[in-house]
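One structure below.
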Amino acid sequence: MKPLRDKTDPAYIVPIHRASLSEDVYETLVSHLISLRVRPGERLSVDALARQFGVSQTPIRAALIRLETEGLVVKKFNSGYSAAPIPSGAHFRDIYAMRLLLEPEAAFLATQRMNKEGLQQLVELCEKMANLVKGDTHANYGRFALLDGQFHSLLASLCGNQVLADTLHGFYAHMNLFRLRYHSAVAEEAIKEHQAIMEAMEKGDAQAARAAMATHIAASRDRMEPYYQTEE
Ligand SMILES: [Zn+2]
């Protein structure tokens, strides 16, 4: 892995300001992991990363702890952190089956109790995603995955059913999914599908929001299916 400080590296992300240093470190690591620049199983040394990023060990440790919760890195006793293996095809199929059961219902409920603020936040996330697809760059891998995750999480939080929201959050479905495939064409299709969900929500049409979410999850599943790991 090349150092973050090397400005000729396409992965170099200009730190926005010092307050967001931890976020920059986290986001850069997400990009490295999702683009498979860091291969599944590859060791992630806190010390080496701190040197490469030109930061102290604190933000590196914080990012790794967060990534472990999200299933992108694993910590083994005595051997530290490494990039998580890519989950099996069966795991992805199970996750999609659950999302298809739960997320359309979350969209239905969220539309029924939607407020202006929630709607505005969702629209902003959609706009950010639309701005990202203009370039198929390394940094976009991570950012798109994070924003898509935030969009689905926020929608789930707005449904008013805490158990449903917590269940969906617990899947951390997006991060590993994007390790299978990121492509601006994939992202463009997802953006159109999000738009259909938003149109239904803006109209307050809960049935249409439920149908649009089901269409999005099923389309996402079909886009990713060819990239699942083949298994015996
Ligand atoms: Zn989505």
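The values are calculated or read from the model by the stated rules, or taken from the named source; none is laboratory data. The model shown is predicted, which means the values in this text are computed figures rather than measured ones. As a convention, Cβ positions derive from the backbone with ideal geometry for all residues, glycine included, and neighbour counts pool all protein chains shown. Side chains are part of the model used for accessible areas, which takes the heavy atoms of the whole protein and leaves out ligands, DNA and RNA. Shrake-Rupley method; radii C 1.70, N 1.55, O 1.52, S 1.80 Å.
Rounded to the nearest 0.05, what FRET efficiency do Q120 and T215 have when you use their Cβ-Cβ distance and R0 = 22 Å? Don't skip to the answer; put the middle values down first.
Values: r = 24 Å, r/R0 = 1.07.
Between Q120 and T215 the formula returns 0.40.
Need the C-alpha centroid separation for the stretch 159-232 versus the stretch 85-155, integer Å.
First find each Cα centre; the distance between them is then 6 Å.
Can you give the convex hull volume per residue for the Cα atoms of the stretch 44-129, as a whole number of Å³?
Working: hull volume 14.4 nm³, N = 86.
Roughly 168 Å³ of hull volume per residue.
By how many nm would the segment from V163 to S22 grow when fully extended, if each residue of separation counts as 0.36 nm and the alpha-carbon distance is taken off? Walk me through the numbers before you get to the answer.
Numbers: separation 141, 0.36 × 141 = 50.76 nm, distance 2.98 nm.
Gain on extension, V163 to S22, equals 47.8 nm.
Largest first, what is the accessible-area ranking of E202, E225 with a 1.4 Å probe?
Numbers: E202 100, E225 70 Å².
Ranked from most to least accessible, the order is E202, E225.
Going by a ≥ b ≥ c, the root eigenvalues of the Cα gyration tensor, does the chain fall in the rounded group (a/c under 1.5), the prolate group (a/b larger than b/c) or the oblate group?
Working: a/c = 1.87, a/b = 1.58, b/c = 1.19.
Prolate, because a/c is 1.5 or more and a/b exceeds b/c.
What helices in the chain pass both tests, a Cα length along the helix axis of 30 Å or more and a mean Kyte hydropathy of -0.5 or higher, using whole DSSP H runs? Working shown, then result.
On the way: long enough: 89-112 (34 Å, 0.25).
Span-like helices in the chain: 89-112.
Determine the share of the chain's accessible area contributed by carbon and sulfur atoms, expressed in whole percent, with a 1.4 angstrom probe.
Values: 6090 of 11510 Å².
Looking at the chain in its full context, I get 53 percent from C and S.
With a/c under 1.5 counting as rounded, go ahead and sort the stretch 18-83 into rounded, prolate or oblate using the C-alpha gyration tensor (a ≥ b ≥ c being the square roots of the eigenvalues; past the cut-off, prolate if a/b is larger than b/c, else oblate).
On the way: a/c = 1.56, a/b = 1.31, b/c = 1.19.
Cα axes put the stretch 18-83 in the prolate bin.
Which sequence of R51, R221, R113 reflects their accessible areas, 1.4 Å probe, from the largest down?
Details: R51 165, R221 80, R113 130 Å².
These residues rank, largest area first, as R51, R113, R221.
For S45, tell me the accessible area in Å² from a 1.4 Å probe, rounded to the nearest 10.
30 Å²
Search the structure for amide H atoms under 5 Å from the amide H of V73, placed 1.01 Å from N in the peptide plane, and list their residues when 5 or more places away or on another chain.
E68, A84
Calculate, for S79 and T58, the FRET efficiency according to 1/(1 + (r/R0)^6) with r their C-beta to C-beta distance and R0 30 Å; round to the nearest 0.05.
Working: r = 21 Å, r/R0 = 0.71.
It comes out at approximately 0.90.
Skip the ligands, DNA and RNA, and give the accessible area per residue of the stretch 18-83 with a 1.4 Å probe, whole Å². The partial results should precede the final answer.
On the way: 3150 Å² over 66 residues.
Result: 48 Å² of accessible area for each residue.
In terms of modelled amide H atoms, which long-range or inter-chain residues lie less than 5 Å from the amide H of G80?
The answer is none.
Taking a ≥ b ≥ c as the square roots of the Cα gyration tensor eigenvalues, with a/c under 1.5 meaning rounded and otherwise prolate when a/b beats b/c, else oblate, which class fits the stretch 89-227? Intermediate results must be reported in sequence, preceding the final value.
Numbers: a/c = 1.71, a/b = 1.26, b/c = 1.36.
Because a/c hits 1.5 or more and a/b fails to exceed b/c, the stretch 89-227 counts as oblate.
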